[in-house]
1. With every atom except the alpha carbons ignored, what do you get for Rg and Dmax of the range 157-312, in angstroms?
2. Just how much of E57 is accessible, in Å², when a 1.4 Å probe is used and the result is rounded to the nearest 10?
3. At 1.4 Å probe size, what's the solvent-accessible area of H33? Round to the nearest 10 Å².
4. With a 1.4 Å probe and all protein chains in place, put D326, D290 in order of accessible area, largest first.
5. Would you give the gap between the C-alpha center of the range 211-283 and the C-alpha center of the range 161-201, rounded to a whole Å?
6. Which lysines does K215 reach when only Cα atoms under 17 Å apart count, and residues fewer than 8 places away in its own chain are ignored?
7. So for the chain, taking the charge dipole from beta-carbon charges (+1 Lys/Arg, -1 Asp/Glu), which of S280, S10, V260 sits furthest toward the positive end?
8. Here are some pairs, K74/K330; K74/K183; K296/K329; K60/K211; K60/K102; which of them have Cα atoms lying more than 32 Å apart in this structure?
Amino acid sequence: MLVDNSRCVSRTDWDSFETSWDFEWHPLAPSAHERAEQLSYGMNSDARAASVSLISERFKRWSIECDERFSQLKSNEEELNRIFACIYGMGGEVPIEVPDDKVSVRRADLVRDVKSLVSYGVGCIMGRYSTFAPGLILADAQQTVGDFKAKVPDAGFLPDEDAILPVLDGEWFGDDIVVQFRKWLEVTYGADALADNVRFIEDALGKVLRKYFVKDFYKDHCATYQVTGSGKRPIYWMFSSPKGSFQALVYMHRYTPSTVGQILTKYLREYIEKLNATISQLDQSERAADNRQADKYRAVVRELSDWERDVVYPLANERVDIDLDDGVKKNYNKFPRALAKVAGLSEWK
């Protein structure tokens with residue numbers, strides 16, 4: 001009984017995060033099961049919205065759940081120690097108490113758990129997950145929004161159409177990663193709670209959403225998908241210019257041979273055009289700050305134009321194909337100097 005209970009407690013803990021094959025829902029996000037239960041109890045729409053709206057409240061409940069799980073497993077392990085000490089006649093000779101750092105389930109951690117929620121939200125934007133259905137949704141090669149709709153016909157949030165999310169220092173595109181993430185938060189937790197939820201997330205991250213996505217998200221993602229003995233194996237890939245002036249996140253499982261061409265024509269070239277238009281406006285100003293900003297943008301345009309000519313355009317014409325069966329490392333290295341360089345993964349200089 002103790003062993004079975006301990007196994008169950010540990011499994012529940014492990015399955016709460018997306019690196020588990022049996023992961024279904026993020027613990028800080030409402031699940032379809034939760035919505036169904038609310039409906040079965042006759043809760044009206046206002047009551048349902050109030051019950052799922054604030055991430056801060058969900059984190060409090062999650063913290064209590066984690067503490068209960070932690071205490072249960074610690075108690076089980078200490079009882080097993082007593083049993084074995086008695087069996088081997090070593091009562092009083094071996095320690096029974098299990099130190100907290102040796103208990104093999106996690107307690108709630110605000111920063112870690114909020115980062116994992118952000119990762120889950122990106123997964124929902126890409127179509128890998130959905131708060132309207134359990135587990136993996138789009139995880140086969142070249143799947144589309146049409147495939148998503150077939151699997152989750154009643155979803156209140158649909159994934160990004162092309163699975164290409166610009167990750168830039170400002171809102172240059174209407175479908176960039178911050179815009180999409182805020183939209184996911186709004187659908188998932190309610191429009192009335194959006195400001196509070198964004199504030200809670202940004203307080204936990206210690207920075208605004210845009211800065212986190214531009215500077216830290218990909219590093220955290222690579223660290224999450226790190227395979228022991230094999231290195232980092234990210235499932236979302238960051239196309240990035242040499243100095244990171246242009247970045248776009250794509251989902252490996254929704255990549256197609258036309259993806260690089262879409263990045264080129266739909267985002268990179270349009271971004272360069274927008275920068276040039278902004279430079280023209282700034283050049284008309286007599287303010288020194290505007291002139292300095294124009295010079296910065298000119299340097300960015302030069303960087304991106306060179307990157308387009310030498311790297312992105314040739315890859316777009318090549319229409320590179322990938323095979324998921326080949327694994328992340330082989331496929332990632334089909335895009336030298338187009339993807340962000342990752343230590344232990346990227347083989348180019």
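The values are calculated or read from the model by the stated rules, or taken from the named source; none is laboratory data. Nothing here was measured: the structure is a model prediction, and the numbers come from that model. Note: ideal-geometry Cβ built from the backbone for every residue, glycine included; neighbour counts use all protein chains shown. The area values use the complete protein model at the heavy-atom level, side chains included, leaving out ligands, DNA and RNA. Shrake-Rupley method; radii C 1.70, N 1.55, O 1.52, S 1.80 Å.
1. 17.4, 57
2. Around 80 Å² of this residue is reachable by solvent.
3. Roughly 100 Å² of H33 is accessible to a 1.4 Å probe.
4. Details: D326 60, D290 35 Å².
Listed by decreasing accessible area, they come as D326, D290.
5. One Cα centre to the other: 16 Å.
6. Within the straight-line limit of under 17 Å, K215 reaches these lysines: K115, K207, K243, K341.
7. Projecting each Cα onto the dipole axis, the largest value belongs to S280.
8. Values: K74/K330 42 Å; K74/K183 40 Å; K296/K329 35 Å; K60/K211 26 Å; K60/K102 24 Å.
Too far apart for the 32 Å limit: K74/K330; K74/K183; K296/K329.
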